[in-house]
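The values are calculated or read from the model by the stated rules, or taken from the named source; none is laboratory data. Since the model is a prediction, treat every value here as computed from it, not as a measurement. Neighbour counts are summed over all protein chains in view; Cβ atoms, including those assigned to glycine, are modelled from backbone coordinates with ideal geometry.
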Amino acid sequence: MRYVAQIAGAAAVMLPMFVSAQAPTTKPSADSQSSFFDHPLKLAMEPDAESVYAPPTPPTEEEGINQGAVNLDFTVRYMTDYVYRGVDYGEHIPGTTFGGGHEDAPNLQFDGKLSFDLGKLPHPYVGVFVNVYDSDPISRFQTVRPFFGLEWNLRPLTFDVGHQNYIYPERDDQSTAEVYGKITLDDSWVLRTEQPILSPYVYGAYDYDVNNGWYLEAGVSHDFALEDTGIVVTAVADVAYVSGNQFFLREGTNDTGFQHYDVGLIGRYSLNTLFNIPKRYGDFSLEGYIYYTDNLAHQLRADTQIWGGMGIRFQY
């Protein structure tokens, strides 16, 4: 018991000295108290650990201005000639009432297409092409071509199938209709390039009404973009083959074969760049066209000439 009493006494003497040594000599300030209690808040504000997923990026100037399901593509052109599938409709076409106007008389053209984006499903579209030929002796509205179809992008292939009517006002006996299909290859997927190189395609149309025959075409194109200028030049080339289509057969012949070829340049200049128009209002461009068309077989109808024009295009 004597040892216990001695230990308790020593503890009683040492405890006040220990507490005095550990305690601050002055009262803590309000600032030090607030910084202490703010410490958990600062921890809560620390950034989270880096995510393994890339953060979403805002759309660029060239991407998805119209994010809706409906898209419009409309062009107005002023052309020296209306050359379609190698045939100039402004010159006399034997066996028809086309032609009779002035050589290289201007043609005003309207080309519009309304498409509907259904995501992974095929995209339906409707459209119309109109050629107004002021020099036509029968009808200034020379050609009206309404069309509709489906486009399905299954990269690297894009499939396009549809139906097209040929309405010739005041020439009802020559009006006809056809079904068509087109397959385009996205060669950037095959060649591992950022942009397509040639975008080759094959196209086939069957006239089931008046002419009862095939029109087949294969072609390529390539875009040359001039950086920071808003200018894009597209080089195009195609060759056509016909089989049994009465419209392309010259009088007294009954043959098939390669009918014509085209080479051309299409230049586009962005009016958004020129006038500083935000692309949320749509994509406006000024276009210029120049083509060379040549006949490939004397027994098949096609013309040889240079033709072109200017146009304004609106996409939204």
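Can you tell me which residue among 171, 192 is modelled with pLDDT under 95, surrounded by fewer than 18 Cβ atoms within 10 Å (Cβ to Cβ), among the basic types (Lys, Arg) and on the phi < 0 side of the Ramachandran plot? First the steps, then the outcome.
Details: 192 fails: on the phi < 0 side of the Ramachandran plot.
Exactly one residue qualifies, and that residue is 171.
Suppose we keep only residues that are more than 27 Å from the chain's Cα centre (by Cα) and polar (S, T, N, Q) within the range 81-109. Which one would you say is farthest from residue 205 (Cα to Cα)? Before you say what the answer is, go through the steps one by one.
Within the range 81-109, the first condition is being more than 27 Å from the chain's Cα centre (by Cα), and the residues that meet it are 87-106.
Still in the running and polar (S, T, N, Q): 96-97.
On the way: 96: 21, 97: 23 Å.
For the range 81-109, the residue satisfying everything is 97.
Of all residues in the range 157-188 being closer than 17 Å to residue 212 by Cβ and charged (D, E, K, R), which is farthest from the chain's Cα centre (by Cα)? Quick ask: steps written out before the conclusion?
Residues of the range 157-188 that are closer than 17 Å to residue 212 by Cβ, as a first pass: 163-166, 173-180.
Next, only the ones that are charged (D, E, K, R) stay: 173, 178.
On the way: 173: 37, 178: 25 Å.
Among residues in the range 157-188 that are closer than 17 Å to residue 212 by Cβ and charged (D, E, K, R), the one farthest from the chain's Cα centre (by Cα) is 173.
Checking residue 193 against (1) among the hydroxyl-bearing types (Ser, Thr, Tyr); (2) out of contact with any strand residue (DSSP E or B) (no Cβ under 8 Å at 6 or more places or on another chain); (3) in contact (Cβ under 8 Å) with a residue 24 or more places away in the chain: exactly one of these is not met. Which one?
(3)
Please find, within the range 134-165, the residue that is farthest from residue 204 (Cα to Cα) out of those that are touching a strand residue (DSSP E or B) at 6+ places or on another chain (Cβ under 7 Å) and basic (Lys, Arg).
Within the range 134-165, the first condition is being touching a strand residue (DSSP E or B) at 6+ places or on another chain (Cβ under 7 Å), and the residues that meet it are 136, 140-152, 156-165.
Filter again for basic (Lys, Arg), leaving 140, 145.
Working: 140: 29, 145: 17 Å.
Going through the qualifying residues, I end up with 140.
Within the group 144, 126, which residue is closer than 25 Å to residue 313 by Cα, outside any loop (DSSP other than H, G, I, E, B), among the β-branched types (Val, Ile, Thr) and in contact with a Lys or Arg (Cβ under 8 Å, 6 or more places away or on another chain)? First the steps, then the outcome.
On the way: 144 fails: in contact with a Lys or Arg (Cβ under 8 Å, 6 or more places away or on another chain).
126 is the lone residue from the list that is closer than 25 Å to residue 313 by Cα, outside any loop (DSSP other than H, G, I, E, B), among the β-branched types (Val, Ile, Thr) and in contact with a Lys or Arg (Cβ under 8 Å, 6 or more places away or on another chain).
Within the range 73-90, take every residue that is charged (D, E, K, R) and part of a strand (DSSP E or B) and give me the one that is nearest to residue 116 (Cα to Cα). If you could, list the steps in order and put the result at the bottom.
Just the residues of the range 73-90 that are charged (D, E, K, R), to begin with: 73, 77, 81, 85, 88.
Imposing the further condition that a residue be part of a strand (DSSP E or B) reduces the set to 73, 77, 88.
Numbers: 73: 12, 77: 24, 88: 33 Å.
The selected residue is 73.
Matching residues to (1) assigned to a strand (DSSP E or B); (2) touching a helix residue (DSSP H, G or I) at 6+ places or on another chain (Cβ under 6 Å); (3) closer than 19 Å to residue 215 by Cβ:
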| position | (1), (2), (3) |
| --- | --- |
| 234 | yes, no, no |
| 238 | yes, no, yes |
| 242 | yes, yes, yes |
| 260 | yes, no, yes |
| 264 | yes, no, yes |
| 267 | yes, no, no |
| 274 | no, no, no |
| 289 | yes, no, no |
| 294 | yes, no, yes |
